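In what follows, a structure is listed as structure tokens, so that the remarks can point back to it.
The values are calculated or read from the model by the stated rules, or taken from the named source; none is laboratory data. Just so we're clear, the structure is a prediction, and the values are computed from it rather than from any experiment. Here the Cβ positions follow ideal geometry from the backbone for every residue, glycine too, while neighbour counts run over all protein chains shown. Note: areas computed on protein heavy atoms with side chains; ligands, DNA, RNA excluded. Shrake-Rupley method; radii C 1.70, N 1.55, O 1.52, S 1.80 Å.
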Amino acid sequence: MRRCGECGQWEPAGAHGCARCARLVDEIVEEGWRAFLEREFGAPEPPGERLIAEMVVDEPDRHVWRVVDAAYDRLTCPECGGRLSRGPAGCAPCDLANGFRYSAIEIDRPGVPPGNEHALRVNVAVTRRPYGISASEVLLRRLSLPALLDGRLPTVEQAQATKALVGKGASEAELAAVIFGDWGSGP
């Protein structure tokens, strides 16, 4: 883990308030898209990329989550005009697309505990689309990203204890101390 030169948080935990950290969260998805395109299609032109994105979102259960999320980013919501799946809660097409994203495939990266990729996926999704989610939950999800990217995963007991702290209104500093201090260590 390393500190962001703009906000001082562990990268990319400063996302939304820090543009650099927000770009780093998007890059988690984009690197998967670029690898997919290169492996499957070479170097398509932008119009071809849009067609590929449409194909991917038509069959999200056949692609890894990073590819699906990136494909949605390339499509425009007909209702809110934003990136499909990332619009505000209550935007019907975005809400539907946001739900479909969870049918995508999750494959843990080498050297991480089983379930790390699922946790990373959920935390990235919440950080990128925080609408309709409590501020304390969004805080927990974005603070968790550096630890998850580092290959750490809380035990069930650690995750439950951290959620209990959120429920009690723990401060950002208190949550960070638990996440960066305890997560991934033994029971």
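Each residue of the stretch 102-117 in order: what ³J(HN,Hα) in whole Hz does its phi give by Karplus 6.51 cos²θ - 1.76 cosθ + 1.60, θ = phi - 60°, with x for Gly and Pro?
Karplus values, whole Hz, x for Gly and Pro: 7, 8, 5, 7, 10, 10, 4, 5, x, x, 10, x, x, x, 4, 5.
Rounded to the nearest 500, what is the chain's calculated 222 nm mean residue ellipticity when only DSSP H runs of at least 4 contribute -39500 (n - 2.57) each, over all residues? The partial results should precede the final answer.
Values: 8 runs with 104 residues, N = 187.
Taken over the chain, the calculation gives -17500 deg cm²/dmol.
Amide H of T76 versus every other amide H placed in the peptide plane: which residues, excluding those fewer than 5 positions away on the same chain, fall under 5 Å?
Under 5 Å from the amide H of T76 lie the amide H atoms of L84, each far enough along the sequence or on another chain.
Of the listed values [x] 11; [y] 14; [z] 18, grab the one calculated as percent of Cα pairs over 31 Å apart from the structure here.
[z]
Could you derive backbone 3J(HN,Hα) for the stretch 126-140 from the dihedral phi with the Karplus parameters 6.51, -1.76 and 1.60 (θ = phi - 60°), listing whole Hz in sequence and x where the residue is Gly or Pro?
Once θ is set to phi - 60°, the couplings for the stretch 126-140 become 5, 5, 7, 9, x, 5, x, 10, 4, 4, 5, 5, 4, 4, 4 Hz.
In nanometres, what is the gap between the two model label sites at A177 and Y131, each 7 Å from Cα along Cα-to-Cβ?
3.7 nm
Mind ranking 10-17, 107-114 by how tightly packed they are, going by the mean number of other C-beta atoms within 10 angstrom, highest first?
Numbers: 10-17: 21.4, 107-114: 11.0.
Per-residue Cβ counts within 10 Å, averaged per peptide and sorted highest first, yield 10-17, 107-114.
So how do D182, D73, D58 rank on accessible area, 1.4 Å probe, biggest first, that is with the largest at the start?
So, going from the largest accessible area down, we get D58, D182, D73.
Just to verify a number: FRET efficiency for A89 and R23, C-beta to C-beta distance, R0 = 25 Å, to 0.05?
On the way: r = 23 Å, r/R0 = 0.94.
In this case the efficiency is close to 0.60.
In percent, how large is the relative contact order of the stretch 6-117, given Cα pairs closer than 8 Å and 6 or more residues apart? Mind showing how you got there, number by number?
Working: 131 pairs, mean separation 19.7, N = 112.
Value for the stretch 6-117: 18 percent.
Please report, as a whole percent, how much of the solvent-accessible surface of the chain comes from carbon and sulfur atoms (probe radius 1.4 Å).
After summing per-atom areas, the C and S share lands at 56 percent.
Return a whole-number percent for the relative contact order of the stretch 125-187, with Cα pairs under 8 Å and 6 or more residues apart as the contact set.
39 percent
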